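**Q** I'd like to ask you about the structure that follows.
The values are calculated or read from the model by the stated rules, or taken from the named source; none is laboratory data. Since we're looking at a predicted model, the values are computed, not measured. Here the Cβ positions follow ideal geometry from the backbone for every residue, glycine too, while neighbour counts run over all protein chains shown. Note: accessible area is taken over every heavy atom of the protein model, side chains too, but ligands, DNA and RNA are not part of it. Shrake-Rupley method; radii C 1.70, N 1.55, O 1.52, S 1.80 Å.
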Amino acid sequence: MDTSDTPVTKTATSPPQQQEPDPKRLKMSTTTTSEDEDAAATTTDTKKPRYKRRKIAMFFAYCGVGYQGMQKNPGAKTIEGDLEEALFHAGAVPEQDRGNPKRYDWARSARTDKGVSAVGQVVSGRFYIDPPGLVERLNQILPTQIRIFGYKRATASFNAKKFCDRRRYVYLIPVFALDPSCHRDRESVLSSLGSGNELVKCLECSERGRKVIGVMGKRSSFEPKSTIVQSGISSNNIDAENLMKEDNLTSQLKEECGISSNVGDAENAIKEDNLTSELKEEVTERVDSLVVEDKVNVEKKEERRFFYGEEEKKRFNKILNYYVGSHNFHNFTTRTKADDPAARRYIASFHANTVVTVEGIDFVKCEVVGQSFMLHQIRKMIGMAVAVMRGCAPESLIETALR
């Protein structure tokens, strides 16, 4: 079979279609108008920069007057509450975390009670520290009673409460509170003020208040009882007291000399004329003796005034030294049993060596440094130390309480 005349059918394979290139973009002119610049600036301003949260430790101080303590408490004005609000308004805390400190790992190194101030307090958390100027923004928002000193970057695991190994507290005790001669019923005495059975002013001890009649202090035999409570005449006003004593002595001597109100006016006038010189002499002698007695009493009172001298300082520091070291302080807190491991705390030092004067009153500065403290622990320790100092409790009671 001849195949030369037979047509041969061949399938032609077409080449792959090539994609057309994108049309060439026209070059924009390098010359821009003022309208173009304004539009570009507007686009840049609307795009907010995104910052990362950083773990920091913040150092600050505050005056606790008018605050219900450091720790946040619903319905109470606290340092923590004002600080959290300031962190939000300063941009350190986002809107979704406002009022929820757990979301940003909030921790405080210590707590303070109502009215207590702190000269160095530390808190930690995860905050936005950018843009720069966080400290300045916080101090502008916070009240003048709270001042931020600065902050430091910390590791992610840092916690101001757990990483704090020392805490230092200072308590001021009035010097007269350590006086063993002070009466022990001061609260009940002060509560009687304004009542019909008001208790009189203390004349002998250094207590700045009032005291129970007959417990301490003496009264002059010629001093009327009513003048101490009702008249309010001060012992420093000698002229007023002398006039009152002279009047009382005159009436008393008249009675002794037989001048009665039942006798006629003429007879009384004669007797008074005869006894005028004698009365004057005797009244003058008695008034002079009372003045001397008052001066002696004032001198004795100055001698008996309690001072926080070297002997008192040595004894009080000896009492406070019982607390130094590692002890079981379950008797110095609430709702903690003796076998609870949390009741064992360590105190590095406890002393009272300095006396400061505030508004004319001397105070002893008690400084305690410890690893950590429980609720009411320091106040109860100082309360027992004061009781021992004043002779209300024996020193052995502290050792018993620490068992």
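Yes or no, residue by residue, for (1) surrounded by 17 or more Cβ atoms within 10 Å (Cβ to Cβ); (2) farther than 15 Å from Met389 by Cβ; (3) without any contact (Cβ under 8 Å) to a residue 12 or more places away in the chain:
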residue: Phe316; (1), (2), (3): yes, no, no
residue: Thr334; (1), (2), (3): no, yes, no
residue: Pro341; (1), (2), (3): no, yes, yes
residue: Phe350; (1), (2), (3): yes, no, no
residue: Val355; (1), (2), (3): no, no, no
residue: Val358; (1), (2), (3): no, yes, no
residue: Ile361; (1), (2), (3): no, yes, no
residue: Val364; (1), (2), (3): yes, no, no
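**Q** Is there a residue in region 290-308 that is more than 16 Å from Ile173 (Cα to Cα), open to solvent by less than 30 Å² (accessible area, probe 1.4 Å) and at pLDDT below 95?
**A** yes
**Q** Taking the condition assigned to a loop (DSSP other than H, G, I, E, B) and either free of Cβ contacts under 8 Å to residues at least 60 places away in the same chain or open to solvent by 60 Å² or more (accessible area, probe 1.4 Å) (or both), does Gly115 pass?
**A** Criteria met by Gly115.
**Q** Within region 60-79, how many residues are buried (at least 16 other Cβ atoms within 10 Å of the Cβ) and either more than 15 Å from Ala160 (Cβ to Cβ) or touching a residue at least 40 places away in the same chain (Cβ under 8 Å) (or both)?
**A** Of the residues in that region, 10 qualify.
Quick grid of which residues meet (1) touching a strand residue (DSSP E or B) at 6+ places or on another chain (Cβ under 7 Å); (2) farther than 25 Å from Gln371 by Cα; (3) open to solvent by 50 Å² or more (accessible area, probe 1.4 Å):
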{"position": "Ser109", "(1), (2), (3)": "yes, no, no"}
{"position": "Tyr128", "(1), (2), (3)": "yes, yes, yes"}
{"position": "Arg147", "(1), (2), (3)": "yes, yes, yes"}
{"position": "Phe163", "(1), (2), (3)": "no, no, yes"}
